[in-house]
Amino acid sequence: MSRPVTQLTLRLRLPSTMSAAVGLIAVMAAVGALFPAVGHSIGKLHVPKSVGNLLGGGDYGTVTGWFRSEIAIIYAPLVIGALAITGASAATAGEEEDRILALVLAYPIRRSRLIIAKAAAIAAVVLIIALAVWIGLILGVALAGGGITIWHITALAVQLAFFGLAIGALAITLAAATGRRSLATGVAAGVAVLGWLINSFAPLVSVLSWLKYVSLFYYYTGHDPLTRGIDLPSLVVLGLVTFLLMAIAIRSIERRDLRA
Amino acid sequence: MQAGPVIATRGLSKDYGSGRGLVELDLEVGQGEVFGLLGPNGAGKSTMLRLLLDLIKPTAGSARVLGLDSISDSLEVRGRVGFLPGDLALYPKLTGGGVLEYFTQLRGGVDRRVRDALVERFDAVLDRPIRQLSAGNRQKLGLVQAFMHEPELLILDEPIAGLDPLVQRSFHSLLSEVRAQGRTVLLSSHTLSEVERVTDRLAILRNGRLVVVDSVENLRRVAVQRLEIEFAAPVDPAEFRALPGVVDAAAVDATVTVSFEGSADPVVKVAASHYVRAVRPQDGDLEDIFLRYYRTDTT
């Protein structure tokens with residue numbers, strides 16, 4: 001790994017990351033503060049099962065269900081996914097398209113080290129967002145009147161961080177293999193959204209329920225970390241996917257021409 | 001000290017599949033040479049430079065740089081080479097100082113006194129973001145990062161692009177110092193006036209192929225020359241077209257521009273049969289030299 005590359009990549013991503021982190025904390029605090037006022041009435045809503053699955057069960061009557069639907073299923077993975085994907089694409093394919101990489105790689109640094117250093121910076125971005133989710137949930141749950149333990153909040157943040165790492169690794173792999181920022185961003189975002197849809201709808205159709213296992217989203221939240229804690233097998237899967245994707249990314253960029 | 005050639009390519013080829021690239025390039029550059037690569041855009045100059053640095057892989061052939069294989073020893077090659085890419089791009093959000101600090105750390109082992117002396121020499125702007133700098137000011141930073149570790153070999157793609165005449169002079173004197181120290185420079189340009197001032201030898205590339213390698217002096221000798229002759233009254237340019245060696249003659253009002261190869265004697269003698277107000281030799285440019293080699297190539 002190259003420390004200057006990691007430091008610079010992180011420095012360039014830090015303004016957007018910190019804005020998102022502060023925004024996340026503020027939103028989660030607001031969501032928590034809203035619960036005492038609306039939780040009782042909104043909890044009586046009858047949500048169709050398909051819609052409920054999209055929203056993490058649609059159980060708005062409890063603090064756990066409220067945060068699962070409002071934060072865990074949509075908002076947190078959306079923010080972490082967006083920052084991981086755009087950051088990974090910009091730091092690799094973006095710099096290549098902007099012709100900056102042609103100069104950087106004329107320095108004595110292996111392409112593998114460069115990619116690992118960029119990935120380390122994106123991992124730091126992911127961890128900052130996961131930490132913000134952790135802080136925001138603690139604050140939000142407190143404002144909602146309590147109901148989720150620190151352990152379960154930590155479990156969600158950890159599962160989310162591993163999900164963000166895997167999605168970021170996917171974007172880096174696509175960027176390293178093609179050198180095209182828009183392709184890496186678009187395909188990785190598509191995979192993330194498709195994973196969310198598969199994870200939500202596949203269980204509704206028994207013959208397709210196995211599809212959920214191909215969704216990264218399933219390994220993030222399928223085990224419901226807010227009520228059941230950390231799921232080690234899911235973390236292992238997400239970790240292996242990240243590792244495998246990084247190996248592919250390194251192999252891809254080592255073998256191809258840098259784009260002019 | 002490098003015993004053999006600093007750069008040696010054997011059948012070096014790059015096929016992009018679009019007709020452009022590099023075709024079986026055999027070229028040697030010796031130690032202490034300032035060597036120019038000349039050719040229009042798309043001739044294969046940048047392709048060759050990128051191949052030497054392993055930024056792209058050859059389709060066939062090989063290259064040795066500083067006695068090392070350009071692919072298997074690429075890391076060591078890049079450690080000993082300074083590179084300025086054509087169409088330089090830097091991190092737009094960083095200041096000039098931030099960019100140089102980043103490259104200093106990335107390179108490792110840079111003597112900051114040498115770097116700071118280069119900054120002063122080129123009057124590089126360090127305190128403003130790259131996105132606010134002119135192309136010339138960005139190019140100065142590019143030159144500083146290429147020279148700052150005092151490399152054995154400098155590979156410079158269109159180095160004076162955007163530089164004002166004063167900075168160009170600084171750059172040329174720096175090249176002279178580098179040559180005097182026995183270091184080697186390979187620079188590319190599409191402008192003859194740039195390379196003729198600083199290079200010992202140059203190669204002309206056309207459509208990815210090496211057309212000629214020779215000294216600037218020899219190339220000038222065979223180049224098409226141009227004379228602009230201003231007469232007191234209009235003169236028929238056909239008088240000149242019939243002369244031996246004349247490639248072209250065209251008139252605008254009372255001024256005739258004659259392009260010719262070899263001796264100027266017949267042109268001057270015909271001109272002298274009229275009242276001549278002024279004779280202005282035109283600098284032979286790249287097109288003139290190409291014209292010479294296109295003709296040789298196609299006959």
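What follows draws every value from the coordinates through simple rules; no lab data is involved. From a predicted model like this one, the values you see are computed outputs, not experimental measurements. Glycine also receives a Cβ, built like all others from the backbone with ideal geometry; neighbour counts cover every protein chain displayed.
Couple of notes before you dig in:
- Two-site label geometry, A:R11 and B:E76: point separation in nm, points 7 Å out along Cα→Cβ: 3.2
- Antiparallel %, DSSP beta bridges [both residues in the protein assembly as shown], to 5: 70
- Peptide B:105-113 has a mean of 3 when you count, residue by residue, the C-beta atoms of other protein chains within 10 Å of its C-beta.
- Gain upon complete extension [A:L131, A:L197; 0.36 nm per residue less C-alpha separation]: 21.2 nm
- Protection proxy ranking, peptides A:170-182, B:38-50, average beta carbon neighbours within 10 Å, highest first: A:170-182, B:38-50
- Amide hydrogen proximity for B:V211: with H placed 1.01 Å from N in the peptide plane, the residues at 5 or more positions away or on another chain lying under 5 Å are B:I204, B:L205, B:R206.
- Protection proxy ranking, highest mean first, for peptides A:184-197, B:148-161: B:148-161, A:184-197, where packing is the per-residue count of other beta-carbon atoms within 10 Å, averaged.
- Rg ratio for the protein assembly as shown: its Cα radius of gyration over 2.2 N^0.38 Å, N being its residue count, equals 1.31.
- Short-range pairs are left out: with C-alpha atoms under 8 Å and at least six residues apart, the relative contact order of the stretch B:225-283 is 48 percent.
- Rounded tilt (10° steps) of A:232-255 against the dominant C-alpha axis of chain A: 20
- Between B:R112 and B:S18, residue separation times 0.36 nm minus the direct Cα-Cα distance comes to 29.4 nm.
- Within a straight-line Cα-Cα reach of under 16 Å, B:K14 can be paired with the following aspartates and glutamates, leaving aside sequence neighbours fewer than 8 residues apart in one chain: A:D257, B:E24, B:D26, B:D54.
- The mean count of C-beta atoms from other chains within 10 Å of the C-beta of residues in A:105-117, rounded to a whole number, is 5.
- Beta bridges assigned by DSSP with both partners in the stretch B:7-220 are antiparallel in approximately 55 percent of cases.
- If only the Cβ of Lys and Arg carry +1 and only the Cβ of Asp and Glu carry -1, the dipole of the stretch A:3-255 around its Cα centre is close to 520 debye.
- Å³ per residue enclosed by the Cα convex hull of chain B: 163
- Ratio of Rg to Rh for chain A: 1.02 [Cα atoms; Kirkwood radius as inverse mean 1/r over pairs].
- Long-range amide H partners of B:K93 with built H, under 5 Å: none
- Per-peptide average of other Cβ atoms within 10 Å, ordering B:58-70, A:92-104, B:247-259 highest first: A:92-104, B:58-70, B:247-259
- The mean sequence distance of close C-alpha pairs (under 8 Å, at least 6 residues apart), as a share of the length of the stretch A:3-255, puts its relative contact order at 26 percent.
- 10 Å Cβ neighbours from other chains, averaged over peptide A:96-103: 6
- Cross-link table A:K118/B:K57; A:K118/A:K212; B:K45/B:K93; A:K118/B:K93, entries beyond 25 Å C-alpha to C-alpha: A:K118/A:K212; B:K45/B:K93
- Dipole magnitude for the protein assembly as shown: about 1820 debye, using +1 per Lys or Arg Cβ and -1 per Asp or Glu Cβ, origin at the Cα centre.
- About the Cα centre, charge dipole magnitude for the stretch B:7-220 (Lys/Arg +1, Asp/Glu -1 at Cβ), debye: 440
- Residues whose amide H lies under 5 Å from that of B:D157, counting only those 5 or more places away or on a different chain, are B:L84, B:G86, B:S188; hydrogens are built 1.01 Å from N in the peptide plane.
- Only helices enter this figure: runs of n ≥ 4 DSSP H residues, each worth -39500 (n - 2.57), summed and divided by the residues of chain B, yield -10500 deg cm²/dmol at 222 nm to the nearest 500.
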